[in-house]
Amino acid sequence: MQNTPLASRRHVVIYGNMNAGKSSLFNRVIEQDLAIVSPTAGTTTDPVVKGMELIPFGPIALVDTAGLGDSGSVGDLRVHKTRAMLDRTDLAIYAADISHFDRNDYCRTMELWKKRNIPSILTLTKCDLAPEELCRTMMERYPEAVLVSDKDPRSIQGLKSRMVKELQKLGDQEDSLIGHLVPSGSTVVLVIPVDSEAPKGRLILPQVQLIRDCLDHGIACHVCRETELASTLQNSKRVDLVVTDSQAFQIVDSIVPKDIPLTSFSMLLANQKGDLPAMLEGANAVAHLPDGARILVAEGCTHNHNHEDIGRVKIPRLLQKKTGKSFQFDHVAGNDFPEDLSPYSMVIQCGGCMLTRRAVLSRIGHAKDVHLPITNYGVILAYLTGILPRASAVFAKEEGRAWT
């Protein structure tokens, strides 16, 4: 993997009304003609995402969106998709034609961003087509604005510099997966089962990211299957932490001595990207689910499903075995997530390796707003196999509290 995954990049999203010059601005910033540009209103239908290096900040994802002023049944769907991007936006760019600036619309949009603590940049476009007097007036009225022109590369560079400045205020996209849990010089064992769910010839993203994080923090890591775990532990002078795929929790727990901390890839992701205490609280709510409860299972990626699928087969089966109750399960994938959570008694989120931290936190926030328990794959599998106290102990030590 040579490129930073989109989920690990800050997302900079361009908003604005139709024909505001959003797609032209998008193309000029990435220096490619990727988005379709046309004088016809409503040309952009779905968000267009492009990874790029924003020097000197680093890798980002730039997103072009459909116009906020689109109308009609199809237009409403476009606007809905644009608004859904708010949950993934780290920095918003409001693009407005300087000659047709709608202050009321801009203020309404700003309120949406303020509610979500999203920083923004007002960008006035098509300045080469506007009278100089209008440009001066708008600069006096909105001194924080950036004026750009397709014909002036310096104005685009000025916008990029402003983007760097705003993004640097946000800091790193994500904390370390493991560097703050064990010190440099530690030894970690990663347990990676090779079953029908494992991709042929490669590792999945959380496994790759954890190996790289170990390298970055001077942590030695041994990688093995659960079938070689006992011999790996026996041949190691010291092991400071074992990290397993959540599906192998039970067998790994029976092999690893109790004095060696144990957790999972998914729980590390929950700690890095989300709100682990909320996830732990959500798992403990399983005991209070009524018979017939409806549960939402949310996955961040799309893949084929088989008889060993963790979200569609293993977790539902274990839930019903643990509680003796029958439940209804709804499934969503990718960036899809329902606005209305009222039909559900619980949300179970995947590890979220393909989602940004803001997206995961937004989902947790939506659930909290309606007092709905939410957990993730690793946390609930630890709960269902009876080892949640052990699997969460390494994080409790970090926070200075006990979790059960």
Inset, instruction - Based on a Kirkwood Rh over C-alpha pairs, give the Stokes-Einstein translational diffusion coefficient of region 6-170 at 10 °C and viscosity 1.306 mPa s in µm²/s. - result: 100
Inset, instruction - Any chance you could check the Cα centroid distance between region 176-196 and region 89-144 for me, in angstrom? - result: 46
Inset, instruction - Taking amide H positions as placed in the peptide plane 1.01 Å from N, state which residues far from Ile219 in sequence (5 or more) or on other chains have amide H under 5 Å from it. - result: Gly185
Inset, instruction - Treating only the Cβ atoms of Lys and Arg (+1) and Asp and Glu (-1) as charged, compute the dipole magnitude of the chain about its Cα centre; round to the nearest 20 debye. - result: 480
Inset, instruction - Provide the per-residue ³J(HN,Hα) series for region 227-234, in order, calculated from phi with Karplus coefficients 6.51, -1.76, 1.60 and θ = phi - 60°, each as a whole number of Hz, with x at glycine and proline positions. - result: 6, 9, 5, 4, 5, 5, 5, 5
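Give, in nm to one decimal, the length gained when the segment between Arg390 and Glu228 is fully stretched (0.36 nm per residue of separation minus the Cα-Cα distance). Present the calculation step by step, with values, prior to reporting the outcome.
Working: separation 162, 0.36 × 162 = 58.32 nm, distance 2.16 nm.
Difference between extended and current length: 56.2 nm.
Have a look at the DSSP beta bridges in the chain and tell me what percent are antiparallel, nearest 5.
On the way: 7 of 49 bridges.
Of the beta bridges lying entirely in the chain, close to 15 percent run antiparallel.
Would you calculate a helix-derived [θ] at 222 nm for the chain, using -39,500 (n - 2.57) for each DSSP H run of n ≥ 4 and dividing by the full residue count, to the nearest 500? Numbers along the way, then the final one.
Values: 14 runs with 149 residues, N = 404.
Using -39500 (n - 2.57) per qualifying helix, the result is -11000 deg cm²/dmol.
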Inset, instruction - Would you please put 227-234, 145-152 in order of how densely packed they are, using the mean number of other Cβ atoms within 10 angstrom per residue and starting with the highest? - result: 145-152, 227-234
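Just how large is the dipole of region 274-384 about the Cα centre, in debye to the nearest 20, putting +1 at every Lys and Arg Cβ and -1 at every Asp and Glu Cβ?
It works out to roughly 300 debye.
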Legend entry - Projected area, mean over directions - region 164-248, Cα convex hull, nm²: 7.3
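Calculate, for Met139 and Leu203, the FRET efficiency according to 1/(1 + (r/R0)^6) with r their C-beta to C-beta distance and R0 56 Å; round to the nearest 0.05. Mind dumping the intermediate values first?
Values: r = 52 Å, r/R0 = 0.92.
Calculated transfer efficiency: 0.60.
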Inset, instruction - Give me the Debye-computed log₁₀ of I(q)/I(0) at q = 0.21, 0.24, 0.26 Å⁻¹ for region 316-404, equal point scatterers on Cα only, no solvent, two decimals. - result: -1.23, -1.35, -1.37
Legend entry - For Met346, residues with placed amide H under 5 Å, excluding near neighbours: Leu296
Legend entry - Phi-based couplings in Hz for region 130-135 (Karplus 6.51, -1.76, 1.60; Gly and Pro marked x): 9, x, 4, 5, 5, 4
Inset, instruction - Would you list the P(r) distribution for the chain, with all Cα-Cα distances sorted into 10 Å bins from 0 and each bin expressed as a whole %? - result: 4, 21, 27, 22, 15, 8, 2, 0
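Read-outs throughout are calculated quantities, based only on the coordinates presented, and are distinct from any laboratory measurement. In this text the structure is predicted, and so the values were computed from the model without any measurement. Here the Cβ is made from the backbone with ideal geometry for all residues, glycine too, and neighbour counts use every protein chain on show.
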